Each structure stands twice: as C-alpha cells, then as structure tokens.
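Notes follow once the structure below has been shown.
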Amino acid sequence: QVQLVESGGGLVQAGGSLRLSCAASGRTFSNRAMGWFRQAPGKEREFVATMTWSGINRYYADSVKGRFTISKDNAKNTVYLQMNTLKPEDTAVYYCASSLYSGTYSNPSEYNYWGQGTQVTVSS
C-alpha cells in the first residue's frame with residue numbers, strides 16, 4: 001500500500017502562485033509514475049502533470065504547460081506541483097496519484113493510489 005497526503009492548497013488571486021506537496025509513505029518504490037490531477041465542480045477529473053519517479057520524463061496538460069512544474073524530493077518522498085500565473089479556471093480540487101508502473105500516464109485509470117485532494121481556489 002502507498003499512502004499519499006496532499007497539502008499546500010488555498011485561496012490565491014489570479015496571477016499568483018501556489019506550491020502543492022504530496023507526501024508518499026508506505027511501500028514506495030522507485031520507477032513509479034507520479035501524477036497530479038484536478039477536478040472542478042461538475043466536471044470530470046482531468047490530467048495536469050506526470051513524471052517518472054526518476055524525474056527524467058515529465059509531461060503536462062496543454063492548459064498548464066509553461067505555468068506548472070512537477071518535481072520531487074527523493075529524500076522526503078515528496079512530489080511537488082509548482083503553480084505559477086494561476087487563472088480562475090485552475091480552480092479545482094487537486095489530487096496526487098501514484099502508479100504501480102513506470103512511465104508517464106495521463107489517464108487516471110493508470111494510477112493505483114490517490115490522495116484525499118487539496119482545494120485550490122483562484123479569484124479573479
């Protein structure tokens with residue numbers, strides 16, 4: 001089992017920044033794909049960013065490319081999502097996810113473990 005706990009969400013004005021953290025514990029192994037997803041009210045969960053645990057490969061949704069950065073700290077078993085130039089349409093609950101497999105995946109079905117989510121609200 002892998003436990004994921006997100007933090008760092010909050011209320012920010014448009015143009016501002018937030019950094020989300022995802023602390024992983026339990027049976028964490030190298031080579032697992034890690035991802036960030038988000039879900040706005042009334043909408044389906046959508047892909048935001050993914051990376052291999054090695055950090056070599058990273059992939060972003062077009063809507064956040066150039067504004068968001070996924071990264072990790074191996075020593076802390078933590079994955080981050082740095083979000084800059086935030087827009088009101090970025091408002092959503094953000095979820096961290098871990099796959100049992102290596103690679104970069106944008107489909108939620110490829111992930112086996114999920115955190116509880118953290119709310120991000122961007123005001124205009």
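The values are calculated or read from the model by the stated rules, or taken from the named source; none is laboratory data. This one's a predicted model, so the numbers in the text were calculated from it and none came from an experiment. For neighbour counting, all protein chains shown are included, and Cβ atoms are generated from backbone atoms with ideal geometry for every residue, glycine included. Protein only, heavy atoms only, side chains kept; ligands, DNA and RNA dropped before computing areas. Shrake-Rupley method; radii C 1.70, N 1.55, O 1.52, S 1.80 Å.
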Self-check item: Heavy-atom accessible surface of the chain: percent carbon and sulfur, 1.4 Å
Solution: 46
Quiz item: Counting Lys +1, Arg +1, Asp -1, Glu -1, what net charge surrounds M51 among other residues with beta carbon under 13 Å of its beta carbon?
Solution: +2
Exercise. Please state the charge dipole magnitude for the stretch 1-77, taken about the Cα centre, from unit charges on C-beta atoms (+1 on K and R, -1 on D and E), reported in debye and rounded to the nearest 20.
Key: 120
Practice problem: Taking H placed 1.01 Å from N in the peptide plane, check which residues at least 5 places from G103 or on another chain put their amide H under 5 Å from its amide H. | Solution: A33, W53
Quiz item: Per-residue accessible area for T121 at 1.4 Å probe radius, Å² rounded to 10?
Solution: 50
Quiz item: Can you work out the base-10 log of I(q)/I(0) for the chain at q = 0.09, 0.13, 0.17, 0.19 1/Å, using the Debye formula on its C-alpha atoms alone?
Solution: -0.21, -0.44, -0.77, -0.96
Quiz prompt | For the chain: accessible area per residue (Å², 1.4 Å) | solution = 51
Practice problem: Report, by chain and number, residues whose modeled amide H sits under 5 Å from the one on G117, excluding near sequence neighbours (fewer than 5 apart, same chain). | Solution: E6, C96
Quiz prompt | Karplus (6.51, -1.76, 1.60) ³J(HN,Hα), θ = phi - 60°, over the stretch 8-18, in Hz, Gly and Pro reported as x | solution = x, x, x, 9, 9, 7, 4, x, x, 10, 9
Practice problem: Could you count how many Lys pairs in the chain have their Cα atoms under 25 Å apart, skipping same-chain pairs fewer than 8 positions apart? | Solution: 4
Quiz item: Local charge sum around A97 (other residues, Cβ-Cβ under 13 Å, Lys/Arg +1, Asp/Glu -1)?
Solution: 0
Quiz prompt | the stretch 18-124: relative contact order in percent, alpha carbon pairs under 8 Å with at least 6 residues between | solution = 33
Quiz item: With every protein chain present, what accessible area does K76 have (1.4 Å probe, heavy atoms only), rounded to the nearest 10 Å²?
Solution: 130
